[in-house]
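Take a look at the structure below.
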Amino acid sequence: MTKVINTINDDILSENICFIPTMGAIHEGHLSLVDIGKETNLKTLVSIFLNRRQFNNDDDFKNYPIELEQDIEFLKSRGVDFIFLPQESYIYPSEGVPSIVPSKVGSILEGASRPGHFEGVLTVVNRLFDLIKPSHAVFGKKDAQQLFLIKDMVNRLDLNIEIIEGEIFRDINGLALSSRNKHLSQDAKLIAANIFKSLQKVAKEINLGKSFEESVELGINSFNQNEIDLDYLEIVDEENFNYPNKYSKKLKLLTAAYVENVRLIDNIDIEI
Ligand code: AMP
């Protein structure tokens, strides 16, 4: 039986919890993380909290899709134990909560395009960790830089929480599921599917031995041809998010782009 709660009480603190944080507008990507959580055989707790502090753009916050009733139905049908729906004043009480400043990786890519974003993310995740005291937490690889910074925070603050990573859940055309996809028309979804196809093209070129610069250039052309408005397309070493060097084994190709003015992010792993 799923319990919907607004505060964390001693009953929850007495359980070993696998925590899955979300901002709602639940889709199969979120639910795939729930399935991973359930495999731990711990009690699963999904939070839905639209965290104002991680939005650097007011309109983006105001337009973020909210579908609470449907969210609760989806989560119940997947057998989540607790759905946590906190009020803003519970997460951010007047006495304040510690702000968590990201390490330097927080200022590139998403951090460069969205100043303050990762400080907002880490601050709320740390606050939620502090309230819920989970033993495990599941995050999606869709937000690869966020995942990197959360693991870094767990290390830096010496938190005793195991971070579990969920693969990116895509639709049949390859478009990574995202709450923001709800703002896309059917046509735009087809255009947006070219984001993943472009990433795959770049990965293929790199595997064929083309230089990173040339491969990325091809990717940029592919975005342009499909009339996708690129914010960034960059390759990093998965270990540290630095530009890869000759010792790099696992790379990540990350992108942010606009389709119908909706900002979408995606990434792909490249093994060399
Ligand atoms: P959000 O509600 O966007 O804050 O996302 C909550 C969690 O779901 C984060 O850990 C995201 O990385 C993850 N997530 C979002 N979209 C996907 C997806 N398509 N596949 C896997 N995980 C996802």
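None of the figures in this text is laboratory data; all of them are computed from the coordinates on show. Every value quoted in this text rests on a predicted model; they were computed, and no experiment measured them. Cβ placement follows ideal geometry from the backbone for every residue including glycine, while neighbour counts extend to all protein chains displayed.
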Pick from V105, V138: which is of a type outside the set (K, R) and in contact with a Gly (Cβ under 6 Å, 6 or more places away or on another chain)?
V138
What is the number of the single condition among (1) within 15 Å of the ligand (Cβ to nearest atom); (2) more than 21 Å from the chain's Cα centre (by Cα); (3) of a type in the set (G, A, S) that G209 does not meet?
(1)
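I need a count of the residues in the stretch 94-123 that are polar (S, T, N, Q) and assigned to a loop (DSSP other than H, G, I, E, B).
Result for the stretch 94-123: 3.
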With the condition being in contact (Cβ under 8 Å) with a residue 60 or more places away in the chain and away from the ligand (no atom under 16 Å from the Cβ), I'd like the helices (runs of 4 or more DSSP H) fully within the stretch 1-71 carrying at least 1 qualifying residues.
10-13
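Among the residues in the stretch 239-250, are any surrounded by 17 or more Cβ atoms within 10 Å (Cβ to Cβ) and in contact with an Asp or Glu (Cβ under 7 Å, 6 or more places away or on another chain)? Can you show your working first?
Going residue by residue through the stretch 239-250, those that are surrounded by 17 or more Cβ atoms within 10 Å (Cβ to Cβ) are 241, 244, 248.
Now drop any that are not in contact with an Asp or Glu (Cβ under 7 Å, 6 or more places away or on another chain), which leaves 244, 248.
The answer is yes, given that some residue of the stretch 239-250 is surrounded by 17 or more Cβ atoms within 10 Å (Cβ to Cβ) and in contact with an Asp or Glu (Cβ under 7 Å, 6 or more places away or on another chain).
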Residues of the stretch 114-136 that turn out to be of a type in the set (S, T, N, Q) and in contact with a Cys (Cβ under 8 Å, 6 or more places away or on another chain), as a count
1
For the stretch 157-185, enumerate the residues that are acidic (D, E), under 28 Å from L131 (Cβ atoms) and within 13 Å of the ligand (Cβ to nearest atom).
E165, E167
It is to be established whether one or more residues within the stretch 75-83 are within 14 Å of the ligand (Cβ to nearest atom), aliphatic (A, V, I, L, M), free of Cβ contacts under 8 Å to residues at least 60 places away in the same chain and surrounded by 13 or more Cβ atoms within 10 Å (Cβ to Cβ).
no
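Residues in the stretch 215-229: is at least one within 26 Å of K104 (Cβ to Cβ) and of a type in the set (G, A, S)? Don't jump to the end; show me each part of the working.
Of the residues in the stretch 215-229, the ones within 26 Å of K104 (Cβ to Cβ) are 215-216, 219-220.
Filter again for of a type in the set (G, A, S), leaving 215, 219.
Yes - at least one qualifying residue is present in the stretch 215-229.
For the subset of the stretch 132-156 comprising residues that are of a type in the set (S, T, N, Q) and part of a helix (DSSP H, G or I), which member is farthest from the chain's Cα centre (by Cα)? Let's see the steps before the verdict.
Within the stretch 132-156, the subset of a type in the set (S, T, N, Q) is 135, 145-146, 155.
Restricting the remaining residues to those that are part of a helix (DSSP H, G or I) gives 145-146, 155.
On the way: Q145: 8, Q146: 6, N155: 19 Å.
In this case the residue turns out to be N155.
Somewhere in the stretch 120-134, is a residue within 16 Å of the ligand (Cβ to nearest atom), touching an Asp or Glu at 6+ places or on another chain (Cβ under 8 Å) and either of a type in the set (A, V, I, L, M) or in contact (Cβ under 8 Å) with a residue 40 or more places away in the chain (or both)? Walk me through how you get there before you give the answer.
Just the residues of the stretch 120-134 that are within 16 Å of the ligand (Cβ to nearest atom), to begin with: 120-129, 132, 134.
Remaining after also requiring touching an Asp or Glu at 6+ places or on another chain (Cβ under 8 Å): none.
No, the stretch 120-134 contains no residue that is within 16 Å of the ligand (Cβ to nearest atom), touching an Asp or Glu at 6+ places or on another chain (Cβ under 8 Å) and either of a type in the set (A, V, I, L, M) or in contact (Cβ under 8 Å) with a residue 40 or more places away in the chain (or both).
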